[in-house]
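Below is one structure, written out as structure tokens, with a few remarks after it.
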Amino acid sequence: MNYLKVIRNNWKKCTFGAVATAYGFHSLKTHIEIEKHMRAFATDVQVNCQSDHLKKVLVVMNPVANKKKSEKFFKNYCEPILHLAGYSVEVLRTNQIGHAKSYIEEMATLPDAIVVAGGDGTSSEVVTGLMRRRGNLCPITILPLGRTVQAASKHFNLLGVKDIEYVKSLCQALEPMLKDKCKYQSVIRFDVINEEEGADNHLKPIFGLNGFSWGLLENIDSTKDKYWYFGPLRHYASAVSRSFADNLSLKTEYVYTPPCPGCVDCISEQREETAAPSGLFTRNIFKYKKNSTGPAKILVKNENCSNRIEGSIEANQININCTQNEENFSELESQFISSLKPGWEFIKKIPEITDSNVLPNLVLKSRTIQLYPTGELAADTFYSIDGEEYDARPIKVSVIPNAIKVFC
């Protein structure tokens, strides 16, 4: 009874002590589990992943990714494994937008592999830098060190305690490279369409892996960090702030060509697009070099490849992603969402918006698609290409099948 009396008279101190003790035990348990997993993984690397000769790997590190935690995670859990496997590690710490892109593009000799230690923007720069080179390209591996990847985790880390599942995901991302398991992956190419008279039509392309996003849902997602004081509810707060906006729709005209497994016309068009380009894509200037890569393939004539289908639409959100269809070749899937209306109906759909489960009203399958934004609202918006913002201008999006090797 004396213990109960002490607790009742000092319940605030007892509560604080209980929480601190629970947190300490949880931290200790997580630390022990991480150490146990890393030792087991290091043993497996020593036995099965030792290289006969020294390999060079370039690590493209975005030091400010994930609230400046990406470099710490890499040095604690990834870099020691690379050294243990016999890799010579060179770390490129990016210090501005476009740094990784220009560095990889201008390298005299590519390393044996490139490790992307950052978010979607960093991976886009690495892919763009590689695609602007000539000759064979080195494979890449992408570590889940960006905030976008970590935000997808279902595990909530209490007071910043590291999650054992996240550490395991880093090891799983490295394992294919250590065991030299890679496959070809298609990339998406973005070209600005310059309609001004006398202007150079060959503008510098941007390449990406994760796709294109433009519209209301992208705006909600990009501004959610402004509502950081709502904690895990900041995405909901960002959506609520747009519930009664005056205009939620974008107007655009589009022209697309049907999906094609690869034919003579496709190759001819790609060669014309990669001939002697000059100019700039948005604000940055980059050199572009013709790239030819990917496995050899017998080309045939596809009568439908050059067909052009035109249309126009008013939509809240446009998403373009690269998918693998039932016939086992890459195509673009363009989703147009136009069902979001301001008011209470919008508020009812907020759970679907935050979970990215809003069903599209129109889905187009294509090899290429061109967008021509119209209206005053388009001038004040931005495209999101692999998480990086670019001015909304007429743009051509196309898929390049089997363009690069990715460890996976």
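If R0 equals 25 Å, the separation of the Cβ atoms of W344 and N321 corresponds to a calculated FRET efficiency of about 0.20.
Past 28 Å, Cα to Cα: identify those pairs from K55/K405; K68/K224; K67/K348; K181/K365; K68/K396, in the order given. Too far apart for the 28 Å limit: K67/K348; K181/K365; K68/K396.
Taking the charge dipole of the stretch 30-80 about its Cα centre, with +1 at Lys and Arg Cβ atoms and -1 at Asp and Glu Cβ atoms, the residue from P63, F41, H53 reaching farthest to the positive side is P63.
Cβ crowding within 10 Å ranks H26, H235 as H26, H235, fewest other Cβ atoms first. Rounded to the nearest 20 debye, the dipole size of the stretch 2-180 about its Cα centre is 1060 debye, using +1 on the Cβ of Lys and Arg and -1 on the Cβ of Asp and Glu. For the stretch 301-408, the set of GluC sites (Glu not before Pro) satisfying both a DSSP loop assignment and a count of at most 10 other C-beta atoms within 10 Å is given as E303, E326, E327, E376. Compared with the direct C-alpha span, the chain from E90 to K13 gains 22.7 nm at full extension, assuming 0.36 nm per residue.
Here the stretch 312-396 is assigned +1 on the Cβ of each Lys and Arg and -1 on the Cβ of each Asp and Glu. Its dipole about the Cα centre then comes out at about 240 debye. In order along the stretch 33-50, the phi-based Karplus estimate (6.51 cos²θ - 1.76 cosθ + 1.60, θ = phi - 60°) of 3J(HN,Hα) comes to 5, 5, 4, 5, 5, 5, 5, 5, 5, 5, 5, 5, 5, 4, 7, 10, 10, 6 Hz; Gly and Pro are listed as x. Once the Cβ-Cβ distance of T109 and L28 is raised to the sixth power relative to R0 = 45 Å, the FRET efficiency obtained is 0.45. Annotation for the stretch 97-147: GluC sites (Glu not before Pro) lying in DSSP loop with at most 15 further Cβ atoms inside 10 Å of their Cβ are E106.
Given their separation in residues at 0.36 nm each and the Cα-Cα distance between them, Q50 and E376 gain 111.5 nm when the chain is fully extended. Ranking of V115, V91 by neighbouring Cβ atoms within 10 Å, starting from the fewest: V91, V115.
In order along the stretch 335-342, the Karplus-derived 3J(HN,Hα) couplings, from 6.51 cos²θ - 1.76 cosθ + 1.60 at θ = phi - 60°, round to 10, 10, 10, 9, 9, 8, 10, x Hz, and Gly and Pro are given as x. Taking the number of Cβ atoms within 10 Å of each Cβ as an exposure proxy, the fewest-first ranking of V64, V127 is V64, V127. Across all Cα atoms of the stretch 2-180, the radius of gyration (one decimal) and Dmax (whole number) stand at 20.9, 80 Å. A crude spin-label estimate for the pair F230 and F329, with each label 7 Å from Cα along the Cβ direction, gives 4.5 nm.
No value in this document is a laboratory result; all are computed from the given coordinates. Keep in mind the model is a prediction, meaning the values are calculated, not measured. A quick note on method: Cβ atoms are made from the backbone with ideal geometry, for glycine too, and the neighbour counts reach across all protein chains shown.
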